[in-house]
Amino acid sequence: MRQTEWTGNTRRNGWKARYVAGLGLASRTSNGENSSMATPASRPADGLARRFSRRLRHVFRRLAVRLALVMMVAGLGACSALKSTYEQGDHLAYWWLDRYVDISSDQAPQVRSAIATFFRWHRREQLPAIAALLEQAKGHIQQPMAAQTVRHYQQEAQRLGHLAFRQALPDTAALLVTLTPAQIRHMQERMASDNAKYRRTFLAADEAERIDARMKKVMRYAELMYGDFTAEQERQIRIAVAAVVRTTAERLGLRERRQQAWLALAREVVTERPERSEVVRRLERFDATWREQANQSDSDAGIQLAVQIANLTTPAQRQHAVKRLQGWLDDTQALMRRS
C-alpha cells in the first residue's frame, strides 16, 4: 500500500526524508558502511524489522564521527529543517518502510501505531541525550581534534542506539511474524537494487572514480558544517579519503552477507510462525552476531579522516561550525519542549 502523498515530497527533499527515517527508526544500516566514515545518515535496508529495530543505533554510530567533524545532523541544509522534518517523521518513516516491504492494509494500523509509539519515546528519552552531545561538540569543535574524542562520541552513539534497539524490539517482532513470502521477495529485490546502485557509485573500475565519488560525499557534509574549503585543504582530505575507499569492497561484502542472513531469518519466521517471544530471541541473536562482525570490520581509516578534516580547519571555519551546532541544538531543545 503505497503512500503516494509522501512519495513526491520525499523525492523532492530526499535527504530530509532519509534523515528522519534514520533518526526515528532504530536500526543499523544494511550497506556495511564503516560507522566512522563521513557519509549520509541514511542507507538501504536489510528489511523492515531490522531497519525498524536498529536504524537509530547505526545513525548514532555514524553521527558519532560526524560530531567529531562535527556533523551531528548531516543532511540538513538549514537549522530549521531539523525541526520541521522531525515533526513529519512518523509519516516519512511509514513511507520509507512501505517502500521496502509493501505494507498491506491489514498491517498498516499496527505499523503506524508502532512508529508513533517509538517517536514519542525517542522525543522524550533520546532527544535530551542528543542535545547533550551537541553541547559537548560545541566545545570540542573549537579545540584540536584527537582520535580519542571521536571514539568517545562513537561509544555514546552505540549506547544510545542499543537503548533504541531494545525499545523497538517487541514491535519489530510483532510485525515480522505478519510478513508474507511476497513481502520477503520484495525486500530481496529492493536490496539487490540498492546493492547494484552502491556498486556502480562506489566500486567503479577506475580507482580515481571511486575516490571522486567518496570525496564528493565527504565534502558535501564537511562544507555543511565548516563552510568552504581551500584547494589545498581538499587535496589533503583526498589523501585521507583514499585510505577509506580501499575498504569499500570489504564493507559491501559484509553488507551482502548480512542481508542474506536476514532474509534467511525472515523466511524461517514466515515458515515456522513461532511465538512472538521466540522471534524476539532470534532477533537478539541476529543483532548480536552481526553487530560483533561489524565492529571487527571497522578500521581506523574513517576515524583518522574525521580527525584530519577537523584539524585542517581555520578558526573562521570552526566558528562557522559552532554556529551550525548551536542552530541544531536550538531546534532539538524546541522539539523537547513539545514532548
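Scanning segment 132-151 for residues that are out of contact with any Lys or Arg (no Cβ under 7 Å at 6 or more places or on another chain) and not in a helix (DSSP H, G or I), we see that the one that is surrounded by the fewest Cβ atoms within 10 Å (Cβ to Cβ) is Pro144. Pairs meeting the criteria (first residue in segment 304-324 and of a type in the set (A, V, I, L, M, F, W, C) and modelled with pLDDT under 95, second residue part of a helix (DSSP H, G or I) and surrounded by fewer than 16 Cβ atoms within 10 Å (Cβ to Cβ), beta carbons under 7 Å, at least 6 apart or on different chains) are Val307/Ala147.
Note on segment 187-202: residues that are surrounded by 18 or more Cβ atoms within 10 Å (Cβ to Cβ), farther than 16 Å from Trp96 by Cβ and not polar (S, T, N, Q) total 2.
If you take the residues of segment 189-248 that are in a helix (DSSP H, G or I), touching a helix residue (DSSP H, G or I) at 6+ places or on another chain (Cβ under 6 Å) and without any contact (Cβ under 8 Å) to a residue 24 or more places away in the chain, which of them is farthest from Arg324 (Cα to Cα)? For segment 189-248, the residue satisfying everything is Thr201. In segment 175-186, the qualifying residues are those that are in a helix (DSSP H, G or I) and surrounded by 15 or more Cβ atoms within 10 Å (Cβ to Cβ), and the one that is modelled with the lowest pLDDT is Leu175.
Is it the case, given these coordinates, that Glu223 is within 22 Å of the chain's Cα centre (by Cα) and under 30 Å from Glu284 (Cα atoms)? When the stated conditions are applied, Glu223 does not pass them.
Restricting attention to segment 218-246, the residues being surrounded by fewer than 18 Cβ atoms within 10 Å (Cβ to Cβ), within 20 Å of Asp300 (Cα to Cα) and modelled with pLDDT under 95 number 4.
The set of residues in segment 317-339 that are surrounded by fewer than 21 Cβ atoms within 10 Å (Cβ to Cβ) and small (Gly, Ala, Ser) comprises Gly327, Ala334, Ser339. Restricting attention to segment 92-124 and to residues that are over 18 Å from Leu176 (Cβ atoms) and hydrophobic (A, V, I, L, M, F, W, C), the residue that is surrounded by the most Cβ atoms within 10 Å (Cβ to Cβ) turns out to be Leu92.
The values are calculated or read from the model by the stated rules, or taken from the named source; none is laboratory data. Everything quoted here is computed from the prediction, not taken from an experiment. FYI the Cβ positions are ideal-geometry reconstructions off the backbone, even for glycines, and counts take in every protein chain you see.
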